[in-house]
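There's a structure below that I have some questions on.
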Amino acid sequence: MMRTRFISAAAVAAAAALAITGCTGSSGDQASDVKPAKSGSVTWWGWTPDTPVAEKYIAEFNKQYPDIKVTYKNFENVDYRNTITPALDSGKGPDVFDLSPAGGSPDLWGPYALDLTSLAKDTLGDGWKDKIGGSYVKQLTSSDGRFVSLPLGGMSAGFLWYNKDILDKAGAKVPTDYNSWVDTCKKVTAIGKTCFTMGAGGTDTFPTEMYHSIANTVDPDFFIKAATGKAKWNDEQGKKVLEIIKKMKNDGIIAPNALDGPQYPLANNEFMKGDAAMVQMGFWYTQYAGAESCKASMEAAGVTNPTCFVQLPAQFPDVAGEGHKSTYFGEADYGLAINSESKNIGAAKTFVSWMTMDKTGQQNVANALDLLPALKGTTPDWSNITLVDEAVQRPAMENLIKESGETTESRQWQTTEKSLDAIVVAIQQVLDPSVNKSIASIADDQQASSEASKVGTK
């Protein structure tokens, strides 16, 4: 399951133009007064979760609300962005739709959505903002102050996942700094496995997560400062990040095939097939520690009759050698918005409230090990979760959840599409042996192609 910004700059501009002309007037204000209903029908569109996960959510919802029929339609990322705006603009869109802090943002799709402030306050009480994790409320509030999407859960990134079975076989340790990573890779490749798989080909923004993690070891403040215009990507810190990436390739940490494709499917499949010891993915990979999800993901990667391996999270190594911990970064993954033109406002409010603010609904999110539940105090019920190796994995997962919940650094929310694209191009140029440019020149081009974000700077 991909977890990356999926709206292109061109699509944002086109969709924003449509939003301006959309029919989102006074009906939305009137709809805010509609009370939640116990019967009706709801259509829900999203690029996530996967259909089987959504169906499980809906089945649990129907145990409490059997007279509300929910129909979920899942889209691939590109198909979603190409479909949702015209559908909403025509007045024929879904009752409920996914909306995230980045990509399909509060300012882009928020004009089509109800302001959910009163629903949140009625459900959680006067202190409702304090009961929702992270800065999720702020991230899902439009620039005009409308809270347009109730977060289902959050996402963290900035760490590695490793195959414990491969490292054990190779007699290698989890790397903690640059030199130990080189040593681990030598031992892993000696047994015929890829050490660290990554997909930097194409236009997906996944490579920016490696850049972000490396930057945090160089200077913990640099990435967000550069993203918001308070520093420049071609400052000394930025050039050092690119130098480290070049060194990682030359020293065998980054695999030679990194430019052969994007993170999905290249890196995902190599890791899930058991061909690679390490991969950089976010919290959504936690689900594959589960016995059923692990098997399903390996089969999807092309493994017949798979035997699950033990996968575990690890802190990104201190590759800069400055003693800085590469902290996790994260934000609300996505929330559920209610179409202000919906004919089923009451049923939609009941469904969205239950999914995002009800203890049972959020417990389902926690147990899926796919998102960090938005409702504070909700943790996985481990008695209902079967891991591949509980004794090893559960403590690691619990620590991952704890540290993810403590992060205050944004993932993509404060970085513009232009800046993310420029990072990807810079990484590709560093890794491509046919590109004859200095690191300084690549960093200069990166800065010139970037655009500072004003989000979250006030």
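Test THR307 against the criterion of being out of contact with any helix residue (DSSP H, G or I) (no Cβ under 8 Å at 6 or more places or on another chain), surrounded by fewer than 20 Cβ atoms within 10 Å (Cβ to Cβ), farther than 28 Å from TYR112 by Cα and at pLDDT 95 or above, and give yes or no.
Criteria met by THR307.
Does ALA267 satisfy being touching a residue at least 40 places away in the same chain (Cβ under 8 Å) and part of a helix (DSSP H, G or I)?
yes
Can you confirm whether the stretch 332-342 contains a residue that is part of a loop (DSSP other than H, G, I, E, B), of a type in the set (A, V, I, L, M, F, W, C) and within 30 Å of SER213 (Cβ to Cβ)?
Checking the stretch 332-342: not a single residue is part of a loop (DSSP other than H, G, I, E, B), of a type in the set (A, V, I, L, M, F, W, C) and within 30 Å of SER213 (Cβ to Cβ).
Checking the conditions here, which among LYS69, LYS73, LYS129 is in contact with a helix residue (DSSP H, G or I) (Cβ under 9 Å, 6 or more places away or on another chain), among the basic types (Lys, Arg) and closer than 22 Å to LEU375 by Cα?
LYS129
Search the stretch 376-414 for residues being of a type in the set (Ser, Thr, Tyr) and crowded, with 17+ Cβ neighbours inside 10 Å, and hand back the single one that is modelled with the lowest pLDDT.
THR407
Let me ask you something else. Cβ-Cβ distance below 8 Å, separation of 6 or more or different chains: which pairs start in the stretch 129-141 with a residue that is outside the structural domain of TYR112 (by TED's automatic domain parsing) and within 18 Å of SER118 (Cβ to Cβ) and end on one that is among the charged types (D, E, K, R) and surrounded by 20 or more Cβ atoms within 10 Å (Cβ to Cβ)?
Hits for this filter: zero, empty list.
Of the residues ASN364, ASN339, ASN399, which single one is closer than 20 Å to TYR288 by Cβ, polar (S, T, N, Q) and touching a helix residue (DSSP H, G or I) at 6+ places or on another chain (Cβ under 9 Å)?
Criteria check complete, one pass: ASN364.
Still on this structure: Working only within the stretch 135-152, note down all residues that are under 17 Å from LEU108 (Cβ atoms) and polar (S, T, N, Q).
Once the filter is applied, which keeps residues that are under 17 Å from LEU108 (Cβ atoms) and polar (S, T, N, Q), the stretch 135-152 yields GLN139, THR141, SER142, SER143, SER149.
Quick one: is MET355 touching a Phe, Trp or Tyr at 6+ places or on another chain (Cβ under 7 Å), aliphatic (A, V, I, L, M) and crowded, with 18+ Cβ neighbours inside 10 Å?
Yes.
Do we have LYS73 as free of Cβ contacts under 8 Å to residues at least 24 places away in the same chain and more than 13 Å from TYR334 (Cβ to Cβ) here?
The answer is no for LYS73.
How many of the residues making up the stretch 366-398 are within 20 Å of SER135 (Cα to Cα) and small (Gly, Ala, Ser)?
3
Here is a check on your reading of the model: is ALA258 modelled with pLDDT of 95 or more, more than 19 Å from the chain's Cα centre (by Cα) and over 22 Å from ASP168 (Cα atoms)?
Answer is yes for this residue.
Please work out which residue is farthest from the chain's Cα centre (by Cα), limiting yourself to the stretch 171-212 and to residues that are among the polar types (S, T, N, Q) and in a loop (DSSP other than H, G, I, E, B).
Only one residue fits best here, namely THR176.
Across the stretch 163-186, what is the number of residues that are touching a residue at least 60 places away in the same chain (Cβ under 8 Å), surrounded by fewer than 24 Cβ atoms within 10 Å (Cβ to Cβ) and not hydrophobic (A, V, I, L, M, F, W, C)?
8
Next up: Does any residue of the stretch 78-91 turn out to be in contact with a helix residue (DSSP H, G or I) (Cβ under 7 Å, 6 or more places away or on another chain) and among the hydroxyl-bearing types (Ser, Thr, Tyr)?
yes
If ASP275 satisfies all but one of (1) under 15 Å from the mean Cα position of the chain (by Cα); (2) modelled with pLDDT of 95 or more, what's the number of the condition it fails?
(1)
If you scan the stretch 423-452, which residues turn out to be under 11 Å from ALA227 (Cα atoms), surrounded by 21 or more Cβ atoms within 10 Å (Cβ to Cβ) and of a type in the set (Gly, Ala, Ser)?
Passing the criteria: only SER450.
Please verify whether THR304 is over 25 Å from ALA157 (Cβ atoms), out of contact with any strand residue (DSSP E or B) (no Cβ under 7 Å at 6 or more places or on another chain) and part of a loop (DSSP other than H, G, I, E, B), treating the condition exactly as stated.
Criteria met by THR304.
The values are calculated or read from the model by the stated rules, or taken from the named source; none is laboratory data. These numbers were taken from a predicted model, which means no experiment stands behind them. Every residue, glycine as well, gets a Cβ built from its backbone with ideal geometry; the counts of neighbours run over all protein chains shown.
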